[in-house]
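Only one structure is covered here, and it is reproduced in the block below.
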Amino acid sequence: MTTRRDFLRNTSAAAAIAAANAALRPGIANALTAMPVYPAGVHEFEELPIKELLMDAIGAAKAAGATWADARIGRYRQNFVGTREKQIVQVGDTDSIGLGVRALVNGAWGFAASQNLTRDGVAAAAREAAAIAKANRIPGAAPVVLAPAPAVPNGTWKSSYEIDPFTIPVEQKAQMLIDANTEAMKVANVKFVNSFLFFIREDRNYANTDGTFTTQTVIRSWVPFTATAVSADFSDFQSRGNVVQPMGRGWEFIVASNLVGNARKWGEEAAEKLKAKPVDVGRYDLVLHPSHLWLTIHESVAHPTELDRAMGYEANYAGTSFVAPPEKVLGTLKYGPELMNIQGDRSQDGGCGTIGWDDDGVKPDTFLIIKNGIMHDYQTSREQAPWLESYYKKNNMPVKSHGCCTADNWSSVQFQRMPNVSLLPGAKDQKWEDLIAATDRGIGIVGDGSFSIDQQRYNAQFGGQVFYEIKGGKIAGMLKDVAYQMKTPDFWNSMDMIGGKASYEMGASFFDGKGQPPQIGSVSHGCVPARFRNINVINTGRKA
Amino acid sequence: MSRSLRSLLRGGETAADPRVMTREQSQALTDRTIKLSRAEGIQVNVGGGYTANIRFADNRISTAGGVSTAALNIQSSFGPKHAVVSTNDFSDAGLERAVRQSEALAKLAPDDPESMPLLGQQEYENVNSYFDATGNLGPEGRAAAARIAIDACKAAGDLKAAGYIVTGIGANAVGNNKGLFAYQSGTSANYTLTVRTVDGTGSGWAGADHPDWSQLDVKAVAQRAIDKARLSKNPAAVEPGRYTVILEPQAVGDLVQLLAFALDARSADEGRSAFSKQGGGTKVGDKIVDERVTLYTDPADPQLLSNSFDGQGLAAHRVAWIENGVLKRLTYSRFWAQKKNQPPDAGTNAVKLAGGTQSIDDLIKSTPRGILVTRLWYLRPVDPRTVLYTGLTRDGTFLIENGKVSKAVKNMRFNESPLFMLNNLEGLGRAERVAGTEAGGDVVMPALKVRDFNFTSLSDAV
């Protein structure tokens, strides 16, 4: 959790820069001369003989005693533009290139990373990984065993994008944001708007000793946008943010989000919150919109079903899980009602966690984590799948990875990260409006807001962006100062209505943290609107 | 790393450590970059060093490694246009590419009406945050420290240790084409440990942090986490509500650091801060918390030893934000400072709440009924109008009855503001560095005893 004395945090200005630096993880290398060292005659990343270098790396690892090895050469880029009101705040680019090698020797892992991308350089990194693996071996410890995965001799994949955002001129990006800000500020009391465009491009190349070689291009796009309204007498201020969810798509997604066309509506929502009625504390039926519910799924379903958390590996940081021990909950824990089906996948079009092959060389499958309300499976990597062997065999399920192994940079070692984890639509063709119409006394919540959950994922509290009072099946006006408190299994078991296929939407976390040292992840959560009965709502507008 | 890791790990390095850029090397690099510039203004930030860690869980070492990092940020500006490019390619060609890219981006960028000219040369405090005990520490030293906790838990049979030790040596520098150059090197050492009981009903946390590894009492950390794990077994439920609470320094740091982040002058002037005054203006000069509260930054404070300049090279000095309960000052960015005719501030990243003289035991003894809190977790803003946060207690929450810790209680969620809490002050302990706030940074806090701390629900999490 503690970011150690981060010498990069003191770089110039703006939260965007801080975020970019936190995300950047600049290179591992020969400290004073940190740079990608290219082979003679190579001047650009695109000119690197990547396959040969990856083969050299895994060959060197084998020669140094590895029974299995993989190597990644990647280029990780970010581009962002930040504005407030009618002006630019910051624009920037980050770029990081290098190699990461894993070696399995005597059943123990070693990892090394380098920016020396010459043949000698990658081989040296591989030998280093093997040497570290040898040092990490603890006599008597159970050896790492990898679930098998079929070789992919020449895989290529790219995110579902049409226009690479890195090709769009910065002035076009800035103008779009400033135009949107201007629209929002046409609303009375809307005095401030902060908006950003944030893009990620990862060129990821992977090879392992199974004979797999893959090349992938990942693009993700995000538009943080917050309009703030201030009352004339300074007695209140209210914001509307998180208006557009991140996606694994390109510039065409930004255009389709129609920031300029929608900004006024977002501004009006911020201003209306100034006049909204403070909520009365008590128990309400909640009708949660997909733009809100995705985050509740992320925190209370996706994180607790990570197998390493359930096994105690994150105890000193993110915590463990109430969904444990696996042998006592798989097939038995009643997580929610029968209509609750939670799917893990990395294949949904435009998902932030969507990928062709993971950093174990596995093509991720689509699997149910919760089936008809019962805990059915965990998120796994190749190392983890065998931990569940007896459950899988008993239930005629294959002992194979679900493809959830990811590193956030070439310089980070890959580990289990969540896939897209989604609430599947119900059989009945109903939508948000139908759920509201069926509710006598409730609160409808749109947009994700404040969120907090304990280290085993039992007790959570969520705010939101816009809150609607529901009376007799109709929206009766806006509320403010709303947050709900929940105990995870009770909350999900109170779900009694969910939307159908047509009401399915995806939300996403762009910077999800896990591990020590921390790595970032990006993941989508699809869901339909859902109703939860009799949930405890508090009023957060304290005065003293 | 490959070729050089082993040679880097040889002991015996001193302040002239080859893993860390010296002042001269940093200046040579920034000068080299500045010479490439064709912009009106160029600012170069360079940072890097060597960080090594060991991670363990389930009474076993899970990962250990070392990472050398270095990165360079270039901000080019043409009048009110500017842009930043970051690179880790320090070759002539790499620097040239990054400089040209930042210039191209800056020219394309719309005007920033709030852009400020680069700073000229500044006077900096002399902060020595480099310690040989950290610089000379090798992987064996970290492993031996980890083994103290692992071996004790293994021997106990009913305990599992999970922890993380990370140490670093590094340097950061800023230079620009207006004659400014700032440099600071330093070391860091941080240890956090969670001990859980095998039956899953108890969990105890302890941590230590200081630039000087020799100041970390790793045996005491292990003992504290073990004691707390055992004491916290089979917690009882108490009714959520308002309690007198003793927060250990870590828990105070978790919450009060967030107050330090809320001290922005501009937001207050604009009416969107807890420090805005109804009707206009700010609360500067008002008594906002108990008079025993003094919150300040000071890079040279021997407990803080924080960076003596910010990302633009602006010198950091001692500033009291709250003094004897009165809000003395809010933080001014350079732009807002100029607009409001104020000196600019280097920020509140490193912060200290002045302590009292009481021990935690003293605070407990004076408490007929209350809750002792080890640390807080997953703090998130709920209402910026009052700096209200929610979060939960974690890894050691106990009931105090009649001046003694009587039993373990279940963790609870709170909805509380550091402002309200510091108004309800009953007692202060001695200030110490804390090891694990969610935002990180140099944070020094005392234990506090406060009344009416607002717990809103129970958690079954252990």
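The values are calculated or read from the model by the stated rules, or taken from the named source; none is laboratory data. As the structure is a computational prediction, the values presented were derived from the model and not from experiment. Note that we place each Cβ from the backbone using ideal geometry, even for glycine, and neighbour counts take in every protein chain shown.
Looking only at the stretch B:132-164, count every residue that is among the hydroxyl-bearing types (Ser, Thr, Tyr) and either more than 11 Å from chain A (Cβ to nearest Cβ) or assigned to a helix (DSSP H, G or I) (or both) and tell me the total.
So the count comes out to 1.
Please work out if residue B:432 is among the charged types (D, E, K, R) and farther than 27 Å from residue B:164 by Cα.
So residue B:432 does not fit the description; no.
If the Cβ limit is 6 Å and pairs must be 6+ apart or interchain, which residue in the stretch A:344-371 that is free of Cβ contacts under 8 Å to residues at least 60 places away in the same chain pairs with which residue that is in a strand (DSSP E or B) and not polar (S, T, N, Q)?
Matching pairs, first to second residue: A:358/A:405; A:366/A:345; A:367/A:344.
Tally the residues that are within 30 Å of residue A:185 (Cα to Cα), aromatic (Phe, Trp, Tyr) and out of contact with any helix residue (DSSP H, G or I) (no Cβ under 9 Å at 6 or more places or on another chain), restricting the search to the stretch A:261-310.
Matching residues across the stretch A:261-310 total 1.
Scan the stretch A:219-242 and report the pairs whose first residue is over 17 Å from residue A:173 (Cα atoms) and within 11 Å of chain B (Cβ to nearest Cβ) and whose second residue is part of a loop (DSSP other than H, G, I, E, B) and among the charged types (D, E, K, R), with Cβ atoms within less than 6 Å and a gap of 6+ or a chain change.
Listed by first residue and then by second, the contacts come to A:228/B:272; A:230/B:272; A:237/B:272.
I'm checking my understanding of the structure. Among residues of the stretch A:70-101 that are of a type in the set (A, V, I, L, M, F, W, C) and modelled with pLDDT of 90 or more, which one is surrounded by the fewest Cβ atoms within 10 Å (Cβ to Cβ)?
So the residue we want is A:80.
Report yes if residue A:409 is touching a Gly at 6+ places or on another chain (Cβ under 6 Å) and within 25 Å of residue A:355 (Cα to Cα), otherwise no. Talk me through it step by step, then tell me what you get.
Numbers: touching a Gly at 6+ places or on another chain (Cβ under 6 Å): no; within 25 Å of residue A:355 (Cα to Cα): yes.
Spelling it out, it is not the case that residue A:409 is touching a Gly at 6+ places or on another chain (Cβ under 6 Å) and within 25 Å of residue A:355 (Cα to Cα).
Step by step: first the residues of the stretch A:525-534, then only those that are part of a strand (DSSP E or B) and closer than 26 Å to residue A:245 by Cα, then the one that is farthest from the other protein chains (Cβ to nearest Cβ). Which residue is that?
So the first thing to find is which residues in the stretch A:525-534 are part of a strand (DSSP E or B), and the list is A:525-527, A:530-534.
Now restrict to residues that are closer than 26 Å to residue A:245 by Cα: A:525-527, A:530-532.
Working: A:525: 18, A:526: 24, A:527: 21, A:530: 22, A:531: 22, A:532: 16 Å.
Only one residue tops the list, namely A:526.
Just one of the numbered conditions (1) crowded, with 24+ Cβ neighbours inside 10 Å; (2) in a strand (DSSP E or B) is not true of residue B:457; which one?
Failing condition for residue B:457: (1).
So, residue B:329, is that one surrounded by fewer than 23 Cβ atoms within 10 Å (Cβ to Cβ), in a loop (DSSP other than H, G, I, E, B) and under 23 Å from the mean Cα position of the chain (by Cα) or not? I'd like the intermediate steps shown before the answer.
Details: surrounded by fewer than 23 Cβ atoms within 10 Å (Cβ to Cβ): yes; in a loop (DSSP other than H, G, I, E, B): yes; under 23 Å from the mean Cα position of the chain (by Cα): yes.
Against the criterion (surrounded by fewer than 23 Cβ atoms within 10 Å (Cβ to Cβ), in a loop (DSSP other than H, G, I, E, B) and under 23 Å from the mean Cα position of the chain (by Cα)), residue B:329 qualifies.
In the stretch B:338-359, how many are within 20 Å of residue B:271 (Cα to Cα) and free of Cβ contacts under 8 Å to residues at least 12 places away in the same chain?
Of the residues in the stretch B:338-359, 2 are within 20 Å of residue B:271 (Cα to Cα) and free of Cβ contacts under 8 Å to residues at least 12 places away in the same chain.
From the list B:187, B:194, pick out the single residue that is under 23 Å from residue B:461 (Cβ atoms) and either crowded, with 24+ Cβ neighbours inside 10 Å or not assigned by TED's automatic domain parsing to the domain that holds residue B:59 (or both).
On the way: B:187 fails: under 23 Å from residue B:461 (Cβ atoms).
B:194 is the lone residue from the list that is under 23 Å from residue B:461 (Cβ atoms) and either crowded, with 24+ Cβ neighbours inside 10 Å or not assigned by TED's automatic domain parsing to the domain that holds residue B:59 (or both).
Does residue B:324 satisfy being of a type in the set (S, T, N, Q), in contact with a Ser or Thr (Cβ under 8 Å, 6 or more places away or on another chain) and within 14 Å of chain A (Cβ to nearest Cβ)?
no
Of all residues being free of Cβ contacts under 8 Å to residues at least 40 places away in the same chain and more than 30 Å from residue B:147 (Cβ to Cβ) in the stretch B:25-74, which is farthest from the other protein chains (Cβ to nearest Cβ)? Just the residue, please.
Among those that are free of Cβ contacts under 8 Å to residues at least 40 places away in the same chain and more than 30 Å from residue B:147 (Cβ to Cβ), it is B:35.
Go through (1) assigned by TED's automatic domain parsing to the domain that holds residue A:188; (2) within 26 Å of residue A:425 (Cβ to Cβ); (3) in contact (Cβ under 8 Å) with a residue 40 or more places away in the chain one by one and return the number of the condition residue A:284 breaks.
With respect to (1) assigned by TED's automatic domain parsing to the domain that holds residue A:188; (2) within 26 Å of residue A:425 (Cβ to Cβ); (3) in contact (Cβ under 8 Å) with a residue 40 or more places away in the chain, residue A:284 is out only on (1).
Having 1 or more residues that are out of contact with any Phe, Trp or Tyr (no Cβ under 9 Å at 6 or more places or on another chain) and more than 12 Å from every other protein chain (Cβ to nearest Cβ) is the bar; report the strands (runs of 3 or more DSSP E) wholly within the stretch A:371-489 that clear it.
Correct list: A:420-423, A:466-471, A:474-480.
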